[in-house]
Amino acid sequence: MFASLAPARRRLLRGLIGLVLAAGIAGVAVAIARDVGSDSPAAAAQDMAGPVLLVPGYGGSTRSLAPLAASLRAAGKDVTVVSLPDNALGDLDVQAVALAAAAAAARSRTGAPSVDVVGYSAGGVVVRLWIRDHRGAAVVRRAITLGSPHHGTALADLGTAVPEACPVACQQLATGSPVLDALNRDDETPSGPTWLSIWTERDSTVLPPDSARLDGATNITVQSRCPADTVDHSGLPADAVVQQLVLAQLTTGDAGKATVACLSS
């Protein structure tokens with residue numbers, strides 16, 4: 001395309017493209033600055049829904065969140081599945097910084113003042129680190145975690161015995177790790193967003209399953225709503241009950257009062 005233009009027009013077109021790219025980058029930078037620049041950030045308005053960010057778990061598989069993303073998009077939600085660095089095997093705090101950047105980009109793209117965020121498995125811990133340590137509380141309206149090892153998991157405990165088989169994120173998800181101890185020491189659910197934690201009693205990855213419980217959040221097990229539901233850890237994003245509860249929380253902010261339809265077995 002450039003070869004067919006006169007030199008002056010090529011220079012003009014390159015300049016215009018440069019301006020567009022610079023404006024986009026500047027928009028994201030401004031959004032990040034708004035997120036982290038205040039010592040006492042105001043909480044996100046609860047009555048103004050923004051885009052939804054889905055945060056994958058250990059290993060960083062975005063495919064695992066595809067069913068939940070499709071369900072929310074069908075309900076009219078703007079959904080981004082966040083890609084995390086190092087296949088989500090590295091430092092959870094570095095992952096939280098990447099989440100902050102993804103949130104800033106989503107807000108810049110949509111002009112929304114806030115985001116809703118859903119963290120699956122270890123992604124829920126990443127969400128909490130972002131909210132606590134990277135000013136996420138100022139821009140998160142709803143914070144939802146699905147089967148997240150907030151207080152560690154026995155699988156990571158076993159993994160730490162074989163360091164070469166237990167990357168940094170694995171070590172940080174062990175019971176009593178410095179990261180989890182600091183995260184749970186004071187307020188597990190900082191003010192700003194409304195908090196919801198969902199998990200399954202049939203979880204064989206997060207052990208014990210109620211490691212997913214968060215003080216100060218609405219805590220719901222799938223089986224408390226549908227006792228016959230046998231969903232395991234990996235099935236949470238595709239589970240119809242989970243999807244209904246997530247949508248209810250995004251819509252009303254109070255999934256604890258939502259009525260869900262149980263699928264017959």
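Quick notes on this structure:
- Residues located in the stretch 61-99, provided they are over 29 Å from residue 171 (Cβ atoms) and either out of contact with any strand residue (DSSP E or B) (no Cβ under 9 Å at 6 or more places or on another chain) or touching a residue at least 40 places away in the same chain (Cβ under 8 Å) (or both): 67, 71, 72, 74, 75, 76, 77
- Sole residue being modelled with pLDDT under 95 and under 20 Å from residue 244 (Cα atoms), chosen from 75, 44, 49: 49
- Checked against (1) open to solvent by 30 Å² or more (accessible area, probe 1.4 Å); (2) under 18 Å from residue 65 (Cα atoms), residue 199 meets all criteria but (1).
- Residue within the stretch 231-253 that is aliphatic (A, V, I, L, M), part of a loop (DSSP other than H, G, I, E, B) and free of Cβ contacts under 8 Å to residues at least 60 places away in the same chain present: yes
- Qualifying residue in the stretch 105-116 (condition: within 23 Å of residue 213 (Cα to Cα) and of a type outside the set (Gly, Ala, Ser)): yes
- Tally of residues being outside any loop (DSSP other than H, G, I, E, B) and open to solvent by 40 Å² or more (accessible area, probe 1.4 Å) across the stretch 205-218: 2
- Subset of the stretch 71-82 that is farther than 18 Å from residue 134 by Cα and outside any strand (DSSP E or B) - its residue that is most open to solvent (accessible area, probe 1.4 Å): 73
- Listed by first and then second residue, the pairs linking a residue in the stretch 207-220 that is within 21 Å of residue 158 (Cα to Cα) and touching a residue at least 40 places away in the same chain (Cβ under 8 Å) to a residue that is of a type in the set (A, V, I, L, M, F, W, C) and part of a helix (DSSP H, G or I), with Cβ atoms under 8 Å apart and 6 or more places separating them unless they lie on different chains, are 207/154; 207/155; 208/154.
- Within the stretch 200-240, the residues that satisfy the criterion of being of a type in the set (Val, Ile, Thr) and farther than 19 Å from residue 253 by Cα are 200, 205, 206, 230, 231.
- For the stretch 239-260, a residue qualifies if it is open to solvent by 50 Å² or more (accessible area, probe 1.4 Å) and touching a helix residue (DSSP H, G or I) at 6+ places or on another chain (Cβ under 7 Å), and exactly one does: 247.
- Single unsatisfied condition, residue 90 versus (1) on the phi > 0 side of the Ramachandran plot; (2) in a loop (DSSP other than H, G, I, E, B): (1)
The values are calculated or read from the model by the stated rules, or taken from the named source; none is laboratory data. Keep in mind that what you see is a predicted model, and the values were worked out from it rather than measured. As a convention, Cβ positions derive from the backbone with ideal geometry for all residues, glycine included, and neighbour counts pool all protein chains shown. We work out accessible area using only protein heavy atoms, side chains counted, and drop any ligands, DNA or RNA first. Shrake-Rupley method; radii C 1.70, N 1.55, O 1.52, S 1.80 Å.
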